[in-house]
Amino acid sequence: MLSVQKASTALGAEILGVDLSKEPDERTFQQIVELWHKHEVVFFRNQTLTPEQHVAFSRRFGELEHHVRTDVCKPGYPEILVVSNIIENGKPIGSQDAGLFWHSDLCYKAEPSRGSLFYAREVPRKDGEPLGDTMFASMTTAFDALPENTKKRISGLKAVNSYLKAYHCDRKSGQRPPLTEEQKKKVPDVEHPMIRAHPFTGRKCVFVNEGYTIRINGLDQAESDKLLAEILAHITKPEFVYRHKWQDGDFLMWDNCSTQHCAIADYSLPQRRLMERTTLRGLAP
Ligand code: OGA
Ligand code: MN
């Protein structure tokens, strides 16, 4: 029997009593989907999964994405993106610097991702304490808490997201190879509504973020910068945030419409971090 332990924060819940290596029956699966939509971030501890099982469970939600950076996918598994600081044979085995700013995955595409399913294989530790936490912010709660006049002001507006903004911003670790022209062509700038109805719950979500949003359409740049800065400062206030402390074997799912996330790079080799992500295809807002 499945049970739930809600975090004391605006979002986040642990689901207990499920072994994801044994395909959950349909009823259990539907319960998981409902809990995910409700709590926005859900996680299962102590899971032991093969890459095949990770992919198979993810596929039950629908189509999976193949990331634009094939250099950071798990060899033989184009659906699995590796997030890691590990170097093997002189080469990074995954993305060394994923998400060190607030963002949601694939918000720079015309059809942003529905959600990401993240499996923690190795969590860095210091003096017994885990490092490399990830923060999640609830975009439904952040929307609800906006002043009424701001809600009205931004509700009809659209903003532009650019993959290149985040790709080239200052990085704390590692150096990324320059994108090829072919990779760049795959990720042209896109325009999305600043406020988006969640495709399953209908709740309104703020859909601009620090990492990728470059401007608000219809405003001059100074006005756009000012309004964007105001919204960005609001949406990641501590009261909207859940901070996950990872354990080896955690399997955590976040919703890329109702949440944003930000990684904390407070570890370095020989403290190893090895995480694997599948990414669900989503609908255009
Ligand atoms: C990601 C990401 C955060 C982390 O994989 O999409 O942003 O803590 N990762 O590794
Ligand atoms: Mn991310």
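Read the figures in this text as sums done on the coordinates, not as results from a lab. Note that the structure is predicted; figures quoted are calculated from it, not measured. Glycine also receives a Cβ, built like all others from the backbone with ideal geometry; neighbour counts cover every protein chain displayed.
Looking at the square roots a ≥ b ≥ c of the eigenvalues of the Cα gyration tensor of the chain, which shape do they give, rounded for a/c under 1.5, prolate if a/b is larger than b/c, or oblate?
Working: a/c = 1.55, a/b = 1.20, b/c = 1.29.
Note, shape of the chain comes out oblate.
Relative to the present Cα-Cα distance, how much length would full extension add between ASP133 and GLU230 at 0.36 nm per residue of separation? Mind dumping the intermediate values first?
Numbers: separation 97, 0.36 × 97 = 34.92 nm, distance 2.57 nm.
Residue separation times 0.36 nm, minus the Cα-Cα distance, leaves 32.3 nm.
Could you identify which residue out of ASN149, ASN85, ASN209 has the top mean-square fluctuation in a GNM of the chain using Cα springs shorter than 10 Å?
Among ASN149, ASN85, ASN209, the largest mean-square fluctuation in the Gaussian network model of the chain belongs to ASN149.
Magnitude of the Cβ-charge dipole of the chain, K/R +1 and D/E -1, about the Cα centre, nearest 20 debye? Mind showing how you got there, number by number?
On the way: 38 positive and 38 negative charges, 55 e Å.
So the magnitude is around 260 debye.
Which one of LEU219, LEU131, LEU164 has the biggest mean-square fluctuation once the chain is modelled by GNM with Cα springs under 10 Å?
Looking only at LEU219, LEU131, LEU164, the biggest GNM fluctuation is shown by LEU219.
I want to verify a result. In a Gaussian network model of the chain, Cα cutoff 10 Å, which of these has the top mean-square fluctuation: SER21, SER116, SER95?
Comparing SER21, SER116, SER95 in the GNM, the peak value goes to SER21.
Given Cα pairs under 8 Å that are at least 6 residues apart, what percent is the relative contact order of region 1-111?
Reported relative contact order: 16 percent.
What is the order of LYS237, LYS74, LYS91, fewest Cβ neighbours within 10 Å to most? Can you show the working numbers first?
On the way: LYS237 13, LYS74 17, LYS91 8.
Ranking LYS237, LYS74, LYS91 by Cβ neighbours within 10 Å, fewest first, gives LYS91, LYS237, LYS74.
Considering only ALA110, THR279, HIS244, whose Cα is most displaced toward the positive end of the charge dipole of the chain, charges sitting on Cβ of Lys, Arg (+1) and Asp, Glu (-1)?
ALA110
How much FRET efficiency would the formula 1/(1 + (r/R0)^6) give for GLU148 and ARG69, where r is the Cβ-Cβ distance and R0 is 45 Å, rounded to 0.05?
E between GLU148 and ARG69, to the nearest 0.05, is 0.65.
I'd like the distance separating the alpha-carbon centroids of region 183-242 and region 248-285, in whole Å.
19 Å
Multiplying the sequence separation of LYS126 and GLU223 by 0.36 nm and subtracting their Cα-Cα distance, what value in nm do you get? All intermediate terms of the calculation are to be shown ahead of the outcome.
Details: separation 97, 0.36 × 97 = 34.92 nm, distance 4.45 nm.
That pair, LYS126 and GLU223, stretches by 30.5 nm at full extension.
Net charge around ASP19, counting only other residues with Cβ within less than 13 Å of its Cβ (Lys, Arg = +1; Asp, Glu = -1)?
Values: positive: LYS22, ARG45; negative: GLU23, ASP25.
That works out to 0.
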